[in-house]
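The values are calculated or read from the model by the stated rules, or taken from the named source; none is laboratory data. The model shown is predicted, which means the values in this text are computed figures rather than measured ones. Cβ placement follows ideal geometry from the backbone for every residue including glycine, while neighbour counts extend to all protein chains displayed. The protein model used for the area step is the full one, side chains on, heavy atoms only, and it has no ligands, DNA or RNA in it. Shrake-Rupley method; radii C 1.70, N 1.55, O 1.52, S 1.80 Å.
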Amino acid sequence: MATYIKPWADIFIRYLFGRQANEKLLLSFTNAVLEDSDIPTIVSLEIKNPFNLAEEVLDKESTLDIKATDENGAMYDIEVQSCGDAVFRNRSLYYWAKNYGAQLDRGDQYAELKPVICINILNFVLIKELPAMHTCFMLLEKDNPDYVLTRHCMLHFLELPKMNKKKNFSNNLERWLTFLKSEGQEDETMKVIINDDAIFAKAHEEYTTFTQDDRMRELYEAREKALKDRNTLLRIAEERGIEKGREEGIRENARRMLGDGVPMNTIAKYTGLSIPEIESLRNTAD
């Protein structure tokens, strides 16, 4: 029996939304997110880091996000996360800051900065305090929440576990989240979505093509294994009671592996740390 491929897996999302042939799918999904937040939709998107099979094979342990810009120059960063905890809030803000700051070179003017919109597809519940499956955070004035300081900072969280099965949809985002949660399963709702909208018929076609491609399946399985290995290291670090947090736990494991003579490429593979980061730990491992 063929292995089930999760439609929310980051490698499939890269394949689905990160190819220039599928820019209409990316545009539909992005506009669905914006429209659900009562934010003006956009006309076009240009993918800045297109899906490349050779690169995906080499970078199967790295973060697989999608970067695109709209007709006004605003940047969209779409990322998938299968598991996590409250610390992901900090991580999301950090990635937003990196993308925002990376726009300027030395000597550039602040007026040249464009909005950065981060869209996080989560297969875990991040914001337990709110029931909404889609939340959008911006910089608001504390006592006047209707006043937005700037729309340059926008963090969207789409929490798939909060998505309930529906027969009738109030908007396009609910259709997209249903697709990302239920594609590949025997689901009557999926059949309705695919039959009623050419966009989702195309998305279904892409999923079918992906699942029937041997190289894509191998890439998916390699990616899943890499993520499991990383999560195992995190769990081991937590079980050992390392108080400095999960990331410090990874660094501590890297130090021990260095002390045991494990090659740096192997350490990088199983910790997600870069070679320069591992080299910086060498002195503390001696």
Members of region 182-219 that are of a type in the set (Asp, Glu), in a helix (DSSP H, G or I) and surrounded by 14 or more Cβ atoms within 10 Å (Cβ to Cβ): Glu206
Residues of region 179-196 that turn out to be closer than 20 Å to Val33 by Cα and touching a Lys or Arg at 6+ places or on another chain (Cβ under 7 Å), as a count: 1
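Looking only at residues in region 259-280 that are part of a loop (DSSP other than H, G, I, E, B) and open to solvent by 70 Å² or more (accessible area, probe 1.4 Å), which one is modelled with the lowest pLDDT?
Taking region 259-280 as the starting set, the residues that turn out to be part of a loop (DSSP other than H, G, I, E, B) are 260-263, 272-274.
Now narrow it down to the ones that are open to solvent by 70 Å² or more (accessible area, probe 1.4 Å): 260, 263.
Values: Asp260: 74, Pro263: 79.
Applying the filter and picking the extreme gives Asp260.
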Residue in region 31-52 that is within 28 Å of Lys165 (Cβ to Cβ), touching a Lys or Arg at 6+ places or on another chain (Cβ under 8 Å), assigned to a helix (DSSP H, G or I) and open to solvent by less than 60 Å² (accessible area, probe 1.4 Å) present: yes
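If you take the residues in region 165-181 that are part of a helix (DSSP H, G or I) and not charged (D, E, K, R), which one is farthest from Ile13 (Cα to Cα)? I'd like the intermediate steps shown before the answer.
From region 165-181, those part of a helix (DSSP H, G or I) are 172-181; that's our starting set.
Checking which are not charged (D, E, K, R) leaves us with 172-173, 176-180.
Numbers: Asn172: 17, Leu173: 15, Trp176: 12, Leu177: 12, Thr178: 14, Phe179: 12, Leu180: 9 Å.
Of everything passing the filter in region 165-181, Asn172 is farthest from Ile13 (Cα to Cα).
With respect to Ile117, is the statement that it is buried (at least 20 other Cβ atoms within 10 Å of the Cβ) and more than 30 Å from Asp213 (Cα to Cα) true? Before the answer, list the steps.
Details: buried (at least 20 other Cβ atoms within 10 Å of the Cβ): yes; more than 30 Å from Asp213 (Cα to Cα): yes.
When the stated conditions are applied, Ile117 passes them.
Here is a yes/no grid of residues against (1) charged (D, E, K, R); (2) surrounded by fewer than 17 Cβ atoms within 10 Å (Cβ to Cβ); (3) modelled with pLDDT of 90 or more:
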{"site": "Glu79", "(1), (2), (3)": "yes, no, yes"}
{"site": "Trp96", "(1), (2), (3)": "no, no, yes"}
{"site": "Gln103", "(1), (2), (3)": "no, yes, yes"}
{"site": "Cys136", "(1), (2), (3)": "no, no, yes"}
{"site": "Asp143", "(1), (2), (3)": "yes, yes, yes"}
{"site": "Asp146", "(1), (2), (3)": "yes, yes, yes"}
{"site": "Leu177", "(1), (2), (3)": "no, no, yes"}
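When you look at Thr41, is it of a type in the set (Ser, Thr, Tyr), in contact (Cβ under 8 Å) with a residue 12 or more places away in the chain and touching a helix residue (DSSP H, G or I) at 6+ places or on another chain (Cβ under 9 Å), yes or no? It would help to see each step written out before you state the result.
Numbers: of a type in the set (Ser, Thr, Tyr): yes; in contact (Cβ under 8 Å) with a residue 12 or more places away in the chain: no; touching a helix residue (DSSP H, G or I) at 6+ places or on another chain (Cβ under 9 Å): yes.
No: the conditions fail for Thr41.
How about region 56-147: which strands (runs of 3 or more DSSP E) wholly inside it have at least 2 residues that are touching an Asp or Glu at 6+ places or on another chain (Cβ under 6 Å)?
Filter on region 56-147 gives 66-70, 75-81, 116-122.
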